[in-house]
Amino acid sequence: MIDIKSKLKSLPKKPGVYIFRNSKGKIIYIGKALVLKNRVSSYFHGKHDAKTNELVANIADLEWIVVNSEFEALLLEARLIKQHKPKYNIAQKDSKSYLYIVIDKEFPNRVHTARWGDLNGSHLDWFGPFPSSTETQQILKTIRKIFPFRSCKTLSCSPCLYAHLGLCPSVCVNSEGYEKTISQVRTLLSGKTNTLKKIFKSLEKEMKTYAQAAEFEKAQAIKNQINSLTSLTKGWQTVPTEKRDWAETQNRLRQLLVRYQGYDPIIINKIEGYDVSNLGTEIIVGSLVVFVEGQPENASYRKFNLKYNLKRQDDPLGIKNILHRRLNHPEWVYPQLVLVDGGKTQIKAAFEAIKEKEMVGKISLLGLAKQEELIVIPRIEKEKITGWKMLRLSRRHPELQLLQTVRDEAHRFAQRYYKELHSRKTLI
């Protein structure tokens with residue numbers, strides 16, 4: 001007889017899918033978990049409803065499949081439910097009410113959701129069932145930001161709102177390359193993690209081709225796709241503690257941006273910090289510092305002599321000038337987040353530079369005010385700043401500590417350059 005208790009002890013604290021079997025070895029339930037040990041153990045402790053109690057009473061064996069992320073667990077769960085049709089997955093919810101993600105045959109292919117009764121021969125492929133409609137919509141939202149696709153029923157003669165938001169490749173106007181996009185979406189939705197390597201290799205090859213041809217904006221777009229995919233699917237079992245801490249911190253920063261700025265960068269892998277240092281009009285300098293995965297990337301630091309760009313002391317104009325000059329270099333991989341030393345005035349100036357370079361919605365923007373250490377978050381809608389959130393966090397918060405580190409490093413680097421120029425002037 002199988003000892004369930006010993007199996008519970010050996011469950012890993014990792015994301016994955018768990019499978020319950022009855023005494024005849026038949027699969028009766030499939031579920032997913034961010035932490036397998038916690039989720040599966042919960043079935044055998046505490047009080048449950050009648051349906052769950054019935055399920056537990058019929059569990060004679062359990063097994064699990066470890067994956068690298070919650071996203072992969074969600075897709076694998078749907079694939080296995082579709083394959084095995086476990087009794088209690090169907091019994092706990094009418095199978096007709098499950099959502100599926102479908103891709104229509106008609107080119108340019110439409111990607112959307114449908115119920116079981118809506119599935120028919122007009123679909124090129126379909127994935128599911130997904131027990132949670134909320135999670136289904138989140139999957140589509142996430143994938144769409146990486147591989148933009150068509151979702152509208154009727155093709156328009158001009159780019160739609162989704163096209164302007166970067167969520168549709170304007171297939172109604174130009175469908176070139178869209179077949180490859182659909183292939184990548186199908187691979188991602190299949191839940192077969194080994195096939196993801198093909199996507200990464202293809203994207204990396206494409207990025208290098210664009211870079212060699214000096215098409216840096218296209219190369220950067222591919223790089224963003226790679227970063228987003230990595231964020232979704234990277235493993236945790238071999239990631240050092242400091243890397244896991246960074247991932248948690250950047251996720252909290254991301255949540256702040258989604259909540260208060262109205263923009264989801266998906267991943268915050270690279271942060272750039274900016275500062276201006278001056279005394280009178282004789283020496284005016286600016287700095288750019290770069291942090292990748294929470295660590296300084298000194299080789300990417302840049303310093304700017306603003307004496308010939310500014311006629312007077314003007315920190316906001318200095319910030320705008322630095323950002324404008326920096327964004328003229330797409331070969332320097334763009335950040336997901338820009339942090340300026342200052343408040344509303346400095347942020348407005350930085351926003352003007354980002355808008356002039358048509359990067360609104362592609363680069364997030366924050367400010368960190370001195371003394372009170374307030375995080376200043378602009379609310380951005382329709383390429384305009386429509387409001388502000390002044391956020392005060394405890395100094396123990398890792399996200400505040402990270403922003404302080406970036407801000408202080410930008411200030412230190414600007415001061416260092418200022419002293420360097422001042423020393424030269426003194427020696428003349």
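The values are calculated or read from the model by the stated rules, or taken from the named source; none is laboratory data. Keep in mind that what you see is a predicted model, and the values were worked out from it rather than measured. Cβ atoms come from the backbone with ideal geometry, glycine included; neighbour counts cover every protein chain shown.
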Search result, residues across the stretch 199-227 that are part of a helix (DSSP H, G or I) and farther than 15 Å from residue 146 by Cβ: 201, 205, 208, 209, 210, 211, 212, 216, 217, 218, 219
Confirm whether residue 351 is under 29 Å from residue 166 (Cα atoms) and assigned to a strand (DSSP E or B). no
Report whether or not residue 409 is of a type outside the set (A, V, I, L, M, F, W, C) and within 12 Å of residue 339 (Cβ to Cβ). yes
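Is one or more of the residues making up the stretch 342-352 acidic (Asp, Glu), closer than 30 Å to residue 218 by Cα and surrounded by fewer than 14 Cβ atoms within 10 Å (Cβ to Cβ)?
Quick first cut of the stretch 342-352, residues acidic (Asp, Glu) only: 352.
Right, trim to closer than 30 Å to residue 218 by Cα and you get 352.
Narrowing the set further to residues that are surrounded by fewer than 14 Cβ atoms within 10 Å (Cβ to Cβ) leaves none.
No.
Go through the stretch 1-22 residue by residue and tally those that are hydroxyl-bearing (Ser, Thr, Tyr) and either at pLDDT below 90 or assigned by TED's automatic domain parsing to the domain that holds residue 130 (or both).
We begin by selecting, within the stretch 1-22, every residue hydroxyl-bearing (Ser, Thr, Tyr); these are 6, 10, 18.
Restricting the remaining residues to those that are either at pLDDT below 90 or assigned by TED's automatic domain parsing to the domain that holds residue 130 (or both) gives 6, 10.
Number of matching residues: 2.
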How many residues of the stretch 376-428 are within 21 Å of the chain's Cα centre (by Cα) and in a strand (DSSP E or B)? The answer is 5
Determine whether residue 369 is surrounded by 16 or more Cβ atoms within 10 Å (Cβ to Cβ), modelled with pLDDT under 90 and not aromatic (Phe, Trp, Tyr). yes
Considering only residues that are touching a residue at least 40 places away in the same chain (Cβ under 8 Å) and assigned to a loop (DSSP other than H, G, I, E, B), look in the stretch 326-343 and name the one that is nearest to the chain's Cα centre (by Cα). 336
When you go through (1) more than 30 Å from residue 171 (Cβ to Cβ); (2) among the aromatic types (Phe, Trp, Tyr); (3) not in a loop (DSSP other than H, G, I, E, B) one by one for residue 100, which number turns out not to apply? (1)
Out of the residues in the stretch 22-57 that are more than 36 Å from the chain's Cα centre (by Cα) and among the basic types (Lys, Arg), which is farthest from residue 69 (Cα to Cα)? 24
When the stretch 1-37 is checked residue by residue, the ones that are closer than 19 Å to residue 88 by Cα and charged (D, E, K, R) are 21, 24, 26, 32
Would you mention how many residues in the stretch 254-283 are modelled with pLDDT under 85, β-branched (Val, Ile, Thr) and under 30 Å from residue 421 (Cβ atoms)? 2
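Residue by residue, here is whether (1) in contact with a Pro (Cβ under 6 Å, 6 or more places away or on another chain); (2) within 18 Å of residue 110 (Cβ to Cβ) holds:
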residue	(1), (2)
148	yes, yes
151	no, yes
165	no, yes
170	yes, yes
178	yes, yes
184	no, yes
188	no, yes
207	no, no
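Test residue 140 against the stated conditions and say whether it is under 20 Å from residue 258 (Cα atoms), in the same structural domain as residue 103 (by TED's automatic domain parsing), without any contact (Cβ under 8 Å) to a residue 60 or more places away in the chain and assigned to a loop (DSSP other than H, G, I, E, B). Before the answer, list the steps.
Numbers: under 20 Å from residue 258 (Cα atoms): yes; in the same structural domain as residue 103 (by TED's automatic domain parsing): yes; without any contact (Cβ under 8 Å) to a residue 60 or more places away in the chain: yes; assigned to a loop (DSSP other than H, G, I, E, B): no.
Taking the combined requirement at face value, the residue does not satisfy it.
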For the stretch 148-168, enumerate the residues that are crowded, with 20+ Cβ neighbours inside 10 Å and in contact with a Lys or Arg (Cβ under 9 Å, 6 or more places away or on another chain). 149, 150, 168
